[in-house]
Amino acid sequence: MNVLRVALDVPVATLFEYASDADRRIAPGDRVVVPFGARERVGVVLELAAASTISASRLKPVVRVLEGAPRLPQDWLAQMRFLAGYYQRPLGETVASALPPRLRSLKPLPKRRAAGPAREGADSAVAAFVARHQLNAAQAAAAERIGGALGRFRAFLLHGVTGSGKTEVYLRLVAAVLQQGHQALVLVPEIGLTPQLEARFREAFPETPIAILHSALEDSARTHAWLDAARGQAAIVLGTRLAVLTPLPRLGLVVVDEEHDASFKQQEGLRYSGRDAAVQRAKLANCPIVLGSATPSLETWFNADAGRYERLSLPERAAPGAKLPLVRTVDLRAEPAEHGLARSVVEALRERLARAEQSLVFINRRGYAPVLACEACGWAAGCARCSAHLVLHAAARSVPRLRCHHCGAEQAVPARCPTCGNADLRPLGRGTQRVEEALGALFPGARIARIDRDTARRRGALARALEGIGRGEADLLVGTQLLAKGHDFPALTLVAVLNADSALLSTDFRAAERLYATLAQVGGRAGRRERQGEVLIQTRFPGHPMFAALARHDYAGFAEAQLAERRTAGFPPFVHEAALRAEASRLETAMRFLRDAAALAAVPAGVQVYDPVPHVVTRRAGYERAQLTVQSLSRPALQGFLRDWSERIAATAPRSLRWHLDVDPIEFD
Ligand SMILES: [Zn+2]
Ligand SMILES: [Zn+2]
């Protein structure tokens, strides 16, 4: 008889033991059905043991082994152990969250698809791609350097300015990996980016099976893609962060595109960083990883400075004759804005219209106005469940509504001020809808397209809108950062940025890094072909050093200045951080829990536990939120402390209170 140690999806940090006949040949990585309480559950065998730690009478037998999916490989199991330990989550929950829902259910798997192994002609198609695919000197040098590391672990930062053709480098490397008979894993931050990248890969490798993985896939599509990847049939796996949790038996290369993007960090359950998990994954698979970005995260930049990652640069745009855009600030103190637009910005838009070129007006706030207020008494519409204002939504041809961007609550616009009865309620500030309205009034003949999460809500709407813009079906684009990423609009020559200043005033130490990335990215949409692009940034702080760095296209200079500030202030990446967060119906309950938790901590030397503070947006969806930060210069010291501390907290936390630990947290709303 064998004793199996099985991971189950329960919030307890232990494995569960079951018995099995030795001749059943169950091994680690097998999915099994086991009795648990009154029910049966699906678990994953992690270990075999000769003897049980519980009495033989309590050791229940495994009900059956689930067929249809390949046994989960050793490196995948190792990755799960690493993630559970690093992010302080029970191993069973970690394993469960990495499997598509269908693989943790008792239902049988869908029938295997007919698609066999790599199709006939795949090799010749790859060779044809390489033959017709020319790289410029910088691209070729980067591809050669990374290609030379195939077959062993090495991390590369591919720092390429916007439009420098990082994707061409990825494609060339993937071709090399395919020729060796290995699999490539390519991660992108957002679902919206997968169709474009998928099209590029399918065009380059028409005979190669590609699996697409992201959270918006229907259950069966996700299961099929996962199985294709796990069986080694899909040679290219393209997806968002969750794709990093897929078993890949022949993994030969990992690419993380736009590696700086915050959406690589999962904000619930297993709060992992898809990028950091990818680095770990490459290590386990003993293959190279490429982290690509025009504005790398400061963590990655720091790792390159320290020599842990090798930095490769693509300093110029790839398209013939394409130059980086001219970046200028527009001083709002000297030139007040009317309807949110400074006069010189309006003039610049008018010039582009006259030349039949496209312009993009960027404002990172959707809706009509962020506040609806009564000027008589100072009342402002607020969300009943969040400590936040309700945003006025008033798109053309629709009934105005008030919406909470934190919890999604929605209500009608009141006819009068509920406090003083004043009927003259005013929208304050502006969002995309109000800017769209102002542009419509200024340029009556222009075709205006608005792109934000409201217009992109329906499935496929964003892709359709972007295609239309690419074909020149709009003169003026108004949009949020949905427009900033990865899209190439050949006729776009002007980008006007309206509300950069709010981020300059933020208390989040990452705000400047994020703003630089957003501005470089949105500005990078301009002038990607032979026509010179221009970026105009409206600001009250034109002397801010960030704008000077942007104008010089000097990310290195900006990163060094930021890192120097962080070193002085004691922020990551110079210290390692974790946050303990709590939510309760009363703020005092959450704060008391955090104070009690701090008192439970056996804090070793070199670890610092700070006082609890309410969250910036304290109430969200009816819950009051607070957190405390833990810091250490030593990663092992922090990890050891968190392991012990989370056990103590779990043993004493009241059941009514929601809490979690977040390792390497980033601010959230
Ligand atoms: Zn009033
Ligand atoms: Zn709300």
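Of the conditions (1) more than 16 Å from ligand 2 (Cβ to nearest atom); (2) open to solvent by less than 60 Å² (accessible area, probe 1.4 Å); (3) without any contact (Cβ under 8 Å) to a residue 24 or more places away in the chain, ARG416 fails just one. Which one is it?
Among (1) more than 16 Å from ligand 2 (Cβ to nearest atom); (2) open to solvent by less than 60 Å² (accessible area, probe 1.4 Å); (3) without any contact (Cβ under 8 Å) to a residue 24 or more places away in the chain, the lone unmet condition for ARG416 is (2).
Filter region 449-497 for residues that are open to solvent by 20 Å² or more (accessible area, probe 1.4 Å), small (Gly, Ala, Ser) and in contact (Cβ under 8 Å) with a residue 60 or more places away in the chain and give the result.
Selection gives ALA456, ALA463, GLY472, GLY486, ALA491.
Which numbered condition trips up GLY239, out of (1) open to solvent by 30 Å² or more (accessible area, probe 1.4 Å); (2) touching a residue at least 40 places away in the same chain (Cβ under 8 Å)?
With (1) open to solvent by 30 Å² or more (accessible area, probe 1.4 Å); (2) touching a residue at least 40 places away in the same chain (Cβ under 8 Å) applied to GLY239, the lone miss is (1).
Any idea how many residues of region 498-518 are closer than 18 Å to VAL616 by Cβ, open to solvent by less than 40 Å² (accessible area, probe 1.4 Å) and assigned to a loop (DSSP other than H, G, I, E, B)?
Selection size over region 498-518: 2.
Between residues in region 534-554 that are under 19 Å from ILE363 (Cα atoms) and residues that are assigned to a loop (DSSP other than H, G, I, E, B) and open to solvent by 40 Å² or more (accessible area, probe 1.4 Å), which pairs lie under 7 Å by C-beta distance while being six or more apart or on different chains?
GLN538/ALA337; ARG540/ARG333
Only one of ALA598, ALA578 is assigned to a strand (DSSP E or B), more than 27 Å from ALA409 (Cβ to Cβ), away from ligand 1 (no atom under 16 Å from the Cβ) and among the small types (Gly, Ala, Ser); which?
ALA578 is the lone residue from the list that is assigned to a strand (DSSP E or B), more than 27 Å from ALA409 (Cβ to Cβ), away from ligand 1 (no atom under 16 Å from the Cβ) and among the small types (Gly, Ala, Ser).
Quick one: in region 374-401, of everything that is open to solvent by less than 60 Å² (accessible area, probe 1.4 Å) and in a strand (DSSP E or B), which residue is farthest from ligand 2 (Cβ to nearest atom)?
Filtering first and then ranking leaves CYS374.
Output the number of the condition that GLN358 fails; it satisfies all remaining conditions of (1) within 16 Å of ligand 1 (Cβ to nearest atom); (2) under 30 Å from THR493 (Cβ atoms); (3) of a type in the set (S, T, N, Q).
Exception for GLN358: condition (1).
Need pairs with beta-carbon distance below 8 Å; first residue part of a loop (DSSP other than H, G, I, E, B) and within region 48-73, second of a type in the set (Lys, Arg); sequence gap 6+ or separate chains.
Pairs found: VAL62/ARG24; LEU66/ARG31; GLY68/ARG112; ALA69/ARG31; PRO70/ARG231; LEU72/ARG31.
Only one of (1) closer than 30 Å to GLU218 by Cα; (2) out of contact with any Pro (no Cβ under 8 Å at 6 or more places or on another chain); (3) open to solvent by 80 Å² or more (accessible area, probe 1.4 Å); (4) touching a residue at least 40 places away in the same chain (Cβ under 8 Å) fails for ARG145. Which number is that?
Failed condition: (1).
Please enumerate the residues belonging to region 241-292 that are over 11 Å from the mean Cα position of the chain (by Cα) and at positive phi.
Residues satisfying the conditions are GLY269, ASN286.
For ALA155, state whether it is small (Gly, Ala, Ser), open to solvent by less than 30 Å² (accessible area, probe 1.4 Å) and either part of a strand (DSSP E or B) or under 25 Å from GLY523 (Cβ atoms) (or both).
So ALA155 passes the test.
For region 531-542, does any single residue satisfy the condition of being among the aliphatic types (A, V, I, L, M), surrounded by 22 or more Cβ atoms within 10 Å (Cβ to Cβ), touching a Gly at 6+ places or on another chain (Cβ under 6 Å) and part of a loop (DSSP other than H, G, I, E, B)?
no
Do we find a residue being away from ligand 1 (no atom under 16 Å from the Cβ), under 17 Å from LEU428 (Cβ atoms) and touching a residue at least 40 places away in the same chain (Cβ under 8 Å) anywhere in region 377-391?
yes
Criterion first (open to solvent by less than 10 Å² (accessible area, probe 1.4 Å), in contact with a helix residue (DSSP H, G or I) (Cβ under 9 Å, 6 or more places away or on another chain) and in a helix (DSSP H, G or I)) does ALA211 satisfy it?
no
Under the condition of being more than 16 Å from ligand 1 (Cβ to nearest atom) and in a strand (DSSP E or B), which residue from region 402-413 is surrounded by the fewest Cβ atoms within 10 Å (Cβ to Cβ)?
ALA412
Tell me, please, whether a residue that is away from ligand 2 (no atom under 16 Å from the Cβ), more than 31 Å from the chain's Cα centre (by Cα) and touching a residue at least 40 places away in the same chain (Cβ under 8 Å) can be found in region 305-312.
Checked against the condition, which is being away from ligand 2 (no atom under 16 Å from the Cβ), more than 31 Å from the chain's Cα centre (by Cα) and touching a residue at least 40 places away in the same chain (Cβ under 8 Å), region 305-312 yields no hits at all.
Identify, please: which residue in region 520-559 is β-branched (Val, Ile, Thr) and more than 19 Å from ARG333 (Cβ to Cβ) and is, among those, modelled with the highest pLDDT?
Only one residue tops the list, namely VAL535.
State whether the residues of region 569-588 include one that is more than 16 Å from ligand 2 (Cβ to nearest atom), of a type in the set (Val, Ile, Thr) and open to solvent by 30 Å² or more (accessible area, probe 1.4 Å).
For region 569-588, residues more than 16 Å from ligand 2 (Cβ to nearest atom), of a type in the set (Val, Ile, Thr) and open to solvent by 30 Å² or more (accessible area, probe 1.4 Å): absent.
Report yes if ARG366 is open to solvent by 60 Å² or more (accessible area, probe 1.4 Å), in contact (Cβ under 8 Å) with a residue 24 or more places away in the chain and within 16 Å of ligand 2 (Cβ to nearest atom), otherwise no.
No: the conditions fail for ARG366.
Give the residue, chosen from GLY307, GLY321, that is modelled with pLDDT under 95, exposed (fewer than 14 other Cβ atoms within 10 Å of the Cβ) and not acidic (Asp, Glu).
Result: GLY321 is the single residue among GLY307, GLY321 that is modelled with pLDDT under 95, exposed (fewer than 14 other Cβ atoms within 10 Å of the Cβ) and not acidic (Asp, Glu).
GLU436 fails exactly one of the following numbered conditions: (1) more than 13 Å from ARG366 (Cβ to Cβ); (2) more than 16 Å from ligand 2 (Cβ to nearest atom). What is the number of that condition?
Evaluating GLU436 over (1) more than 13 Å from ARG366 (Cβ to Cβ); (2) more than 16 Å from ligand 2 (Cβ to nearest atom) leaves (1) as the failure.
Any residue in region 303-316 that is in contact with a Leu (Cβ under 7 Å, 6 or more places away or on another chain), in a helix (DSSP H, G or I) and farther than 19 Å from LEU187 by Cα?
Looking through region 303-316, at least one residue is in contact with a Leu (Cβ under 7 Å, 6 or more places away or on another chain), in a helix (DSSP H, G or I) and farther than 19 Å from LEU187 by Cα.
Please give the number of the condition ALA373 fails out of (1) away from ligand 1 (no atom under 15 Å from the Cβ); (2) in contact (Cβ under 8 Å) with a residue 40 or more places away in the chain.
(1) is the only condition that ALA373 fails.
What is the residue count in region 267-290 for residues that are charged (D, E, K, R) and either at pLDDT below 95 or under 15 Å from VAL186 (Cβ atoms) (or both)?
3
When you check LEU106 against the structure, is it modelled with pLDDT under 95 and surrounded by 13 or more Cβ atoms within 10 Å (Cβ to Cβ), yes or no?
No: the conditions fail for LEU106.
Any idea which residue in region 636-669 is most open to solvent (accessible area, probe 1.4 Å), counting only those that are aliphatic (A, V, I, L, M) and part of a helix (DSSP H, G or I)?
Across region 636-669, the extreme among qualifying residues is ALA651.
Please go through region 596-622 and pick out each residue that is open to solvent by 80 Å² or more (accessible area, probe 1.4 Å) and within 16 Å of ligand 2 (Cβ to nearest atom).
Selection gives VAL616, ARG620.
The values are calculated or read from the model by the stated rules, or taken from the named source; none is laboratory data. The structure displayed is predicted, hence computed values, not measured ones. Note: ideal-geometry Cβ built from the backbone for every residue, glycine included; neighbour counts use all protein chains shown. Accessible surface is based on the protein model in full, side chains and every heavy atom, while ligands, DNA and RNA are left aside. Shrake-Rupley method; radii C 1.70, N 1.55, O 1.52, S 1.80 Å.
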